[in-house]
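Values in this text are rule-based calculations from the coordinates and carry no lab data. Just so you know, these numbers come straight off a predicted model, no measurement behind them. Cβ placement follows ideal geometry from the backbone for every residue including glycine, while neighbour counts extend to all protein chains displayed.
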DNA sequence: TCATCAAATGTTATGATATAACGTTTTCAA
DNA sequence: TTGAAAACGTTATATCATAACATTTGATGA
Ligand SMILES: [Zn+2]
Ligand SMILES: [Zn+2]
Ligand SMILES: [Zn+2]
Ligand SMILES: [Zn+2]
């Protein structure tokens, strides 16, 4: 099969409401298949379906919303069903957990090494992931001033996305 | 009364296990009294006690741990008791909520405007708050590249503090 | 003083998120 | 084909947080 050239996979920019989200989903699923194949990890039907559900939009999705969606499809599902799938996806970098929201969002660039840096719009709920290596380095440098060795960093920024900022200046 | 010169109140640096933590507590309580007085907010006995309990160390404290502590003192207390006190302390900038830990920690510098920037040691649990204005500005600048207007930022960095890094290099 | 109102706190119940523990099915290779 | 590991099903429970309403407290003004 052709490598399905993911030339313009979701860039870390705010998507317009009218964008072709099917491409986001298909790109994420293809990237996940590929990544799991390379890592010898099993992207089972259930895990794949949960990933697809997480990608239902660019807003974070809660575990129990996923649970409801699975049940609506007629699957036998309980909290561990979805949490185990989420743990798998997290462990392979396919999704991220947004701590403030207690919810999950698909990672648009699982293969690029990156810190978690998220912009969350208070108005429309859209979340995008920045991948600003310089910013990650700045965080590590600040931490180093305190003699702190960084293992993981999580940045969650609340505010207004370009579309919503137009209407509500000053937030 | 003398202004009790808080000359060397908790700097944003890792405290040694042997530091005089009573000074951290007393300084935080005095700063809270002063801040509430200026703002016309009532730091009641309960709220003051909860703040003191949050300051029991430099580790984040969960709401139910506070609840247990209040009950151990013979107070009538239920979850709303402690959550309401925490909401008050949060709203006046006297404590911060650590999203990843679902727990709370005292703010060593409530009067300085600052973004939430926390270093959390995976080994000993100690958390310190950086107040790196340049880093906050760097975050805002990165967000601005995406047309995003920042309202609030929360940075939670996991790793190893100086004391613990010595033992577990590379951790 | 005492009526009155708002803020603070007490009390009960429930919602929302997450995991422990154990049994069954599937997978895969020896 | 059979044994072990992984994945999944199932039940129960732990953990974090808030809704709703009653009671107490403390300030204000008649
Ligand atoms: Zn999309
Ligand atoms: Zn990512
Ligand atoms: Zn201290
Ligand atoms: Zn602070």
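The spacing between region B:55-77 and region A:62-136, judged by their C-alpha centroids, is 32 Å.
Each other copy holds its own label point for residue B:147; taking that point as 7 Å from Cα along Cα to Cβ, the gaps run 4.6 nm, nearest first.
Classify the protein assembly as shown as rounded, prolate or oblate, taking a ≥ b ≥ c as the square roots of the eigenvalues of its Cα gyration tensor: rounded when a/c is under 1.5, otherwise prolate if a/b is larger than b/c and oblate if not.
Verdict is prolate for the protein assembly as shown.
The antiparallel fraction among DSSP beta bridges confined to the protein assembly as shown stands at about 70%. What is the helix-to-structure angle for B:133-145, meaning the angle in degrees between its Cα long axis and the longest Cα principal axis of chain B, kept from 0 to 90 and rounded to the nearest 10? With both axes taken from Cα atoms, the answer is about 60 degrees.
Shortest first, residue A:59 label-point distances to identical copies amount to 3.8 nm, with the label point at 7 Å from Cα along Cα→Cβ. Between the Cα long axis of helix B:21-39 and the first principal axis of chain B there is an angle of about 80°, rounded to the nearest 10.
Note on chain A: GNM, Cα springs under 10 Å; of A:63, A:101, A:141, the largest mean-square fluctuation is that of A:141. With springs connecting C-alpha atoms under 10 Å apart, model chain A as a Gaussian network and identify which of A:78, A:149, A:69 has the largest mean-square fluctuation. Largest GNM mean-square fluctuation: A:149. Per the rotation superposing chains B and A, the chain B residue found at the smallest beta carbon distance from the axis is B:99, 2, distance in Å. Remark: A:61, A:150, B:157 ranked as A:150, A:61, B:157, counting other beta-carbon atoms within 10 Å and listing the fewest first. Taking a ≥ b ≥ c as the square roots of the eigenvalues of the alpha-carbon gyration tensor, region B:26-171 is classed oblate because a/c is 1.5 or more while a/b is no larger than b/c.
For residue B:125, the label point sits 7 Å beyond Cα toward Cβ; its separations from the matching points on the remaining copies run 3.6 nm, from shortest to longest. With both residues required to sit in region A:114-171, DSSP beta bridges show an antiparallel share near 40%. A simple spin-label model places the labels of residue B:140 and residue A:137 2.3 nm from each other, with each point 7 Å out along Cα-to-Cβ. Counting DSSP beta bridges with both partners in chain A, what percentage is antiparallel, nearest 5? Antiparallel: roughly 60 percent of the beta bridges in chain A.
Label residue A:163 and residue B:30 with points 7 Å out from Cα along Cα→Cβ: what is the distance between them in nm? My value for the distance between the label points is 5.3 nm.
Does region A:18-109 classify as rounded, prolate or oblate by the C-alpha gyration tensor (a ≥ b ≥ c root eigenvalues; a/c under 1.5 gives rounded; else a/b over b/c gives prolate, otherwise oblate)?
Working: a/c = 1.35, a/b = 1.13, b/c = 1.20.
The shape class here is rounded.
Footprinting exposure proxy ranking of B:146, B:19, fewest other C-beta atoms within 10 angstrom first, gives B:19, B:146. Mean-square fluctuations from a GNM of chain A, with a 10 angstrom spring cutoff on Cα atoms, peak among A:155, A:86, A:98 at A:155.
For chain A, what does -39500 (n - 2.57) per DSSP helix run (n ≥ 4), summed and divided by total residues, give at 222 nm, in deg cm²/dmol to the nearest 500?
Result for chain A: -13000 deg cm²/dmol, rounded to the nearest 500.
The relative contact order of chain A, computed from alpha carbon pairs under 8 Å that lie at least 6 residues apart in sequence, is 20 percent.
Relative to the longest principal Cα axis of chain B, at what angle does helix B:45-54 sit, 0 to 90 degrees, rounded to 10? Roughly 40 degrees, rounded to the nearest 10.
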